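Contents: one structure, followed by commentary.
Please treat every number below as a calculation from the coordinates, not as lab data. Quick caveat, the model's predicted, so the values are computed rather than measured. Quick reminder, even Gly has a Cβ in these numbers, built from the backbone with ideal geometry, and neighbours come from all protein chains shown.
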Amino acid sequence: MQAIKRFGGRALFAFFIGALAMITFHQSAVGLFREAGMFPVRPFILSPSGPLRVPAVVNGAFWSGLWGIVFLLAFLPLMRRVMPEWVAGFVWGFVVPVATLFLVVAPLKGQPIAYSQPWGSMLRIALAHGFWGFGMAALWRGLGGERR
């Protein structure tokens, strides 16, 4: 029973870290890319999104929280054996959620693969997600995720 409580607490904390990293690191990257004229989307979009019609940034934070559980509790312990945590976070964020978005989510929504984005746009999307992954690893370490 204690192990279940411990895992539940770690999962909740990982969810919080994933959501927080999206709001801070990912959205900051989106804002920087937009200010540099490299990204058409502005950060912190409050227009309704998703099936529940909540603000897009809240919807993104929710999904980022779920991804945070997967990354921080399953992938990070394995990846840190071969690379530093911050590199693992960036690589994981750059590849896994973006591949899922482009190759699974887009077709499920009836859209073409990668939403027909040009290569440069796909790279910037992947970079923003990489910064989010970096942020998850940094916040997990900085806020004591390993001690939970």
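Numerical summary
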{"read-out": "Förster-model FRET efficiency, 30 Å R0, S28 and L78, C-beta, rounded to 0.05", "value": "0.65"}
{"read-out": "Of the DSSP H helices in the chain, those whose Cα atoms cover at least 27 Å axially and whose Kyte score averages -1.0 or more", "value": "2-21, 119-142"}
{"read-out": "Burial ordering of M38, M22, M136, fewest other beta-carbon atoms within 10 Å first", "value": "M38, M22, M136"}
{"read-out": "Per DSSP, loop trypsin sites (Lys or Arg not before Pro) in the range 35-120 with at most 11 further Cβ within 10 Å", "value": "R53, R81, K109"}
{"read-out": "Placed amide H near V54: partners under 5 Å, 5+ positions off or other chain", "value": "S49"}
{"read-out": "Per-peptide average of other Cβ atoms within 10 Å, ordering 41-47, 119-125, 70-76, 9-15 highest first", "value": "70-76, 9-15, 119-125, 41-47"}
{"read-out": "Assigned charges on the beta-carbon of Lys, Arg, Asp, Glu; the chain dipole about Cα centre (debye)", "value": "360 debye"}
{"read-out": "Span from the the range 101-148 Cα centroid across to the the range 28-89 one, whole angstrom", "value": "6 Å"}
{"read-out": "Built amide H within the under 5 Å cut-off of I45, gap 5+", "value": "V57"}
{"read-out": "Difference of contour (0.36 nm per residue) and Cα-Cα distance, V87 to Q111", "value": "5.5 nm"}
